1. Can you report the number of residues in segment 300-315 which are of a type in the set (A, V, I, L, M) and open to solvent by 60 Å² or more (accessible area, probe 1.4 Å)?
2. Take Asp224 and tell me if it is more than 27 Å from His46 (Cα to Cα) and surrounded by fewer than 18 Cβ atoms within 10 Å (Cβ to Cβ).
3. Checking Ser367 against (1) more than 16 Å from the ligand (Cβ to nearest atom); (2) among the polar types (S, T, N, Q); (3) open to solvent by less than 40 Å² (accessible area, probe 1.4 Å), only one condition comes out false. Which one?
4. What about Ser282, is it more than 23 Å from the chain's Cα centre (by Cα) and over 14 Å from Met350 (Cβ atoms)?
5. Restricting the first residue to segment 322-351 and requiring it to be under 16 Å from Gly306 (Cβ atoms), which pairs with a second residue that is within 16 Å of the ligand (Cβ to nearest atom) and among the acidic types (Asp, Glu) meet a Cβ separation below 7 Å and a spacing of at least six or different chains?
6. When the residues of segment 125-153 are narrowed to those that are under 30 Å from Ala365 (Cβ atoms) and open to solvent by 40 Å² or more (accessible area, probe 1.4 Å), which ends up farthest from the ligand (Cβ to nearest atom)?
7. Can you find even one residue in segment 373-384 that is open to solvent by less than 30 Å² (accessible area, probe 1.4 Å) and more than 28 Å from Leu431 (Cα to Cα)?
8. Please count how many residues of segment 52-69 are open to solvent by less than 60 Å² (accessible area, probe 1.4 Å) and within 40 Å of the chain's Cα centre (by Cα).
Amino acid sequence: MTDKTSNQMWGGRFAAGPNAIMEAINASIGFDQRMAAQDIAGSRAHAAMLAATGVITDNDAEAIREGLLTVLSEIESGSFQFSTALEDIHMNVEARLKEIIGEPAGRLHTGRSRNDQVATDFKLWVRDQFDAAEKGLLALIKALVDQAEAGADWVMPGFTHLQTAQPVTWGHHMMAYVEMFGRDLSRVRDARKRMNESPLGSAALAGTSFPIDREMTAKALGFDRPTANSLDAVSDRDFALEFLSVASICAMHLSRFAEELVIWSSAQFRFVTLSDRFSTGSSIMPQKKNPDAAELIRAKVGRIFGANTALMMVMKGLPLAYSKDMQEDKEQVFDAADNWMLALAAMEGMVKDMTGNRESLAAAAGSGFSTATDLADWMVRVLKVPFRDAHHVTGALVAMAEGRGVDLPDLSLEDMKSVHEGITEDIFTVLGVEKSVNSRMSYGGTAPAQVRAQVARWKEILG
Ligand code: ARG
């Protein structure tokens, strides 16, 4: 007889139950109950396979199947009593199964271990999140493409060093983010494909002596194939790390855009008006409309990066195969996934609802000598002046305009000639911002025609 307080799943070797603090540090049920559906799916696949290979009887498999469905419905309805003494989701489910169906429940754990079980459950969970991220990214990309299409020819300042550089188009700026999120999407798809191998049947670390069929369980769970090395399978958390790295890069993109929206929605810029639905007010300053959603998206990146770093640190010193350290993987991934999905949805909502302020964008586009490069290029093209000399002349003209508090197109031909004899009236044909953007027809350039071509390409990709 074992001590009543010792663990009912392995009590045979133990004379006493754990200290309360041991139980507190050891238990993962507080968070891994989020993998209940995956755990039950894995167990159902495993039981069906054990019956198909003759390891357990069909009757036992049927009882297990029925019992697991009952457990699942109890969990879904909220009536399931989770127990910290039973440590984790795997043992909570199995112990309840035993209460419901009795003896056959004890046969479920044949030829498997919690080590391959947890790796399988967690992979299934992470895989669902890759799918959710794919959906979120596609929706966000679509919202950006719609914005780009609506404002393909709206001029705005393009910046380097956050100093006015050259005029660009609103559509071009939106499509820059489409490219970034498009790469995130391809990273999501790559990582999902790479991780889609089933650890189930790797057992504790060495495989099993039972004649199991790992192809069968892999297929039943939607994996492409079983993993090829049992030691690797139970100790690998690359899939979680790839998830967090992909999430981190995407969160970084989200954060950069969020930062732009914070700047753009300020009274000083007025490039964009965020909708009331994605803004908040101030409890003291009645005039305020704050871009809180953008700020929070900008902040989320911190915890997502943090999760990635934390799990890297957990994994980096672990000898093969499983160590309990690895239980620390889940909270990091759960938190990062929740916040990534939320940030994607919030960004999609903001982008859909926001209004680009065409007039403010255009007014800003013309300021800051944004067509200086066009002036220099004109001298190269028409006067055959070497670019370096044209750059110098243009610099002198900018200084002149700045001194007078006017913009380049406001200088007279005489002013221009005083700096460079050869300049003609024709120079004024390139100095407007519209002319400037229209001339940037190189592939991938900011000309509205180029932007529209990219919009069309993406619409085809989005289907
Ligand atoms: N709760 C554990 C985890 O999340 C399950 C695996 C336990 N395996 C073991 N050998 N103690 O990692």
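The values are calculated or read from the model by the stated rules, or taken from the named source; none is laboratory data. Everything quoted here is computed from the prediction, not taken from an experiment. Positions of Cβ are generated from backbone atoms using ideal geometry, with glycine treated the same way; all protein chains shown enter the neighbour counts. Quick note on the areas: whole protein, heavy atoms, side chains included, nothing else; ligands and nucleic acids left out. Shrake-Rupley method; radii C 1.70, N 1.55, O 1.52, S 1.80 Å.
1. We begin by selecting, within segment 300-315, every residue of a type in the set (A, V, I, L, M); these are 301, 304, 307, 310-315.
After this cut, where a residue has to be open to solvent by 60 Å² or more (accessible area, probe 1.4 Å) as well, the list is 312-313.
The total comes to 2.
2. On the way: more than 27 Å from His46 (Cα to Cα): no; surrounded by fewer than 18 Cβ atoms within 10 Å (Cβ to Cβ): yes.
The answer is no for Asp224.
3. Of the numbered conditions (1) more than 16 Å from the ligand (Cβ to nearest atom); (2) among the polar types (S, T, N, Q); (3) open to solvent by less than 40 Å² (accessible area, probe 1.4 Å), the odd one out for Ser367 is (3).
4. Details: more than 23 Å from the chain's Cα centre (by Cα): yes; over 14 Å from Met350 (Cβ atoms): yes.
Taking the combined requirement at face value, the residue satisfies it.
5. Close Cβ pairs (under 7 Å, with a partner that is within 16 Å of the ligand (Cβ to nearest atom) and among the acidic types (Asp, Glu)) amount to Lys330/Asp32.
6. The extreme case among them is Asp153.
7. Residues of segment 373-384 open to solvent by less than 30 Å² (accessible area, probe 1.4 Å): 374-376, 378-379.
Adding the requirement that they be more than 28 Å from Leu431 (Cα to Cα) leaves none.
No, every residue in segment 373-384 fails to be open to solvent by less than 30 Å² (accessible area, probe 1.4 Å) and more than 28 Å from Leu431 (Cα to Cα).
8. 4
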